[in-house]
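The values are calculated or read from the model by the stated rules, or taken from the named source; none is laboratory data. Given the structure is predicted, the values throughout are model-derived calculations rather than measurements. In this analysis, Cβ positions are derived from the backbone assuming ideal geometry, glycine residues included, and neighbour counts consider all displayed protein chains. Just so you know, the surface numbers come from the protein's heavy atoms only, side chains and all, with ligands and any DNA or RNA stripped out. Shrake-Rupley method; radii C 1.70, N 1.55, O 1.52, S 1.80 Å.
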Amino acid sequence: MMRTYHIETFGCQMNEHDSEGIAGVLAGLGLFPSASAQDADVIVLNTCSVREKPHRKVFARLADYRALKAERPGRLIVVAGCMAQLIPEGIREAAPHVDLLVGPRSYPELETALRRKLEGDLQLATLLGRCEPDLQPLPYQRQDAVRAWVDIMYGCDNHCAYCVVPLARGPEVSRRSEAIEQEVVDLATAGVVEVTLLGQNVNSYGRGLTPPMGFPDLLARLDGVAGLRRIRFTTSHPKDLSARLIEAMARLSTVCEHLHLPVQAGSDRVLERMGRGHTAGEYLARLQRARDAVPGLAITTDVMVGFPGETRRDFDETLALFRAARFDQAFMFRYSDRPGTRATAMADRVSEDEKQERFVELAQLQNRIAREINDERVGEVFEVLVEGPDAKDPKKARGRTRQNKLMIFPAEGAPADQFVHVRAQEARLWGWLGERQSSQDAKLRGEAKDR
Ligand code: SF4
């Protein structure tokens, strides 16, 4: 009988990529994807703990799935990811119908566990250990033919006061560079032209490896992979943004002109309470060094408002930093307590209303800046990797520039997964509306902003 699975993913790109791995394991066990949980024999929730909202959603799903389990007792309910690792007992209590809990560092053992569960093993309930990273790469079922995510490291050693990642994903460990390089070579051979290197703090890649290797060295190794046109990476920690990395970004032709550099706050007092390991001034200096070295560099960030103890004056310093930094885009969050983090014990709570007011004020400032930056680049020609037809207007195509900005333009002659050159004509918050240019002309006119 054809058995099916359904995976729902919450949270970051690393979780999305883990879900590609989980899908590969299930396919390897002979299961087929199902569009809905209602029809699936195996339901997987790949969870995120970084904020309260995804937590609530997962518990709501699990409540819904109680009926699905009662309807078909042989159906498997699997909770994977950061919530499984952080609050296994809480999940068991709220949802005793869950069959298996799998932590984000246990996936190499997933195949055996799922086979046992599918064969009716009722005993096995949790997989929360921490496997060696290159033990057994997952059989990723990638969703995209030309773009791919590649894990380069797991975990984090920074222990920022508000963050659960080190608790959920464990201490930092880097994959061997040969394993990463081989994976990228195989991907490029299979037609992938753009890879995104994933890690909680990619700038500290290689610590603990023998022989030691830094992130710039890894980039240099991957830059030479035949067929690869673009390398992206996320996430960077500002305290580890080295001069060597900035130099590599400027020199290596495949490394895209986009840097995601979370700042979290603009006040030195709050940055210290968060344990970020740098000041606002140091952050701005590194940002400027990167901008000076890499022409056309786009910079994006993460920021939170309402961290315990944040005063109006502290928040004004965040606004001031945003005016000085002029980010291309910012992911903004209201602080919420996370289980087991230092910040949960901190006093001087900011009210939800105050958080909301600060959030709106910061969003208005950032949107104005993002629009101004895109306005300033109207008229430039960008290399765009076409994703496909625009959802709102099928006569238009959409794709991303090397700055990771969206470009929407007439679709004619712009097949998906191809590189084209587009002149930015109208600015939007997320990028531009544009007009196709013939690559030859663009190159001849030296307008093509690709390398
Ligand atoms: S560096 Fe990032 S992942 Fe690590 S603890 Fe800080 S916020 Fe969390």
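Taking the convex hull of the Cα atoms, report for the chain its projected area averaged over all directions, in nm².
The directionally averaged projection comes out at 22.3 nm².
Let me understand the stretch 22-93 better: what is its radius of gyration from the alpha carbons, and its Dmax, in angstrom?
12.7, 35
Give me the compactness ratio for the stretch 4-127, meaning the Cα radius of gyration over 2.2 N^0.38 Å. If you can, show how the numbers build up before the last one.
Details: Rg = 12.9 Å, N = 124, 2.2 N^0.38 = 13.7 Å.
Expressed relative to 2.2 N^0.38 Å, the Cα Rg reads 0.94.
Assign one of three labels to the stretch 51-120, namely rounded, prolate or oblate, based on the Cα gyration tensor with a ≥ b ≥ c the square roots of its eigenvalues; rounded applies when a/c is under 1.5, prolate when it is not and a/b is larger than b/c, and oblate otherwise.
It is oblate, given that a/c is not under 1.5 and a/b is not larger than b/c.
Using the scaling law 2.2 N^0.38 Å as the reference, what is the normalised Cα Rg of the stretch 381-445?
That works out to 0.98 for the stretch 381-445.
Residues of the chain: accessible area per residue at 1.4 Å, in Å²? Could you put the intermediate results ahead of the total?
Values: 19140 Å² over 451 residues.
That works out to 42 Å² per residue.
Considering only DSSP beta bridges where both residues belong to the chain, give the percentage that are antiparallel (nearest 5).
So the antiparallel bridges amount to about 35 percent of the total.
Quick one: Debye curve from the alpha-carbon atoms of the stretch 144-256 only, equal weights, vacuum; give me log10 I(q)/I(0) at q = 0.12 Å⁻¹ to two decimals.
Debye curve over Cα of the stretch 144-256, log10 I(q)/I(0) at q = 0.12 Å⁻¹: -0.41.
Amide H of Glu172: which non-local residues (sequence gap of 5 or more, or other chain) have their own amide H closer than 5 Å, using H built in the peptide plane?
It is Cys156, Asp157, by chain and number.
Using a 1.4 Å probe on the protein chains only, how many percent of the accessible area of the chain belongs to carbon and sulfur?
52 percent
So which lysines can Lys69 reach, going by Cα to Cα under 26 Å and dropping same-chain residues fewer than 8 places off?
Answer for Lys69, where 26 Å is the Cα cut-off: Lys53, Lys57, Lys117, listed by chain and number.
Would you mind working out the magnitude of the charge dipole of the chain relative to its Cα centre, with +1 at each Lys and Arg C-beta and -1 at each Asp and Glu C-beta, to the nearest 20 Debye?
Around 300 debye, computed over the chain.
Taking the Cα centre of the stretch 144-256 as origin, sum charge times position over the Cβ atoms of Lys and Arg (+1) and Asp and Glu (-1), and report the length of that vector in debye to the nearest 20.
200 debye
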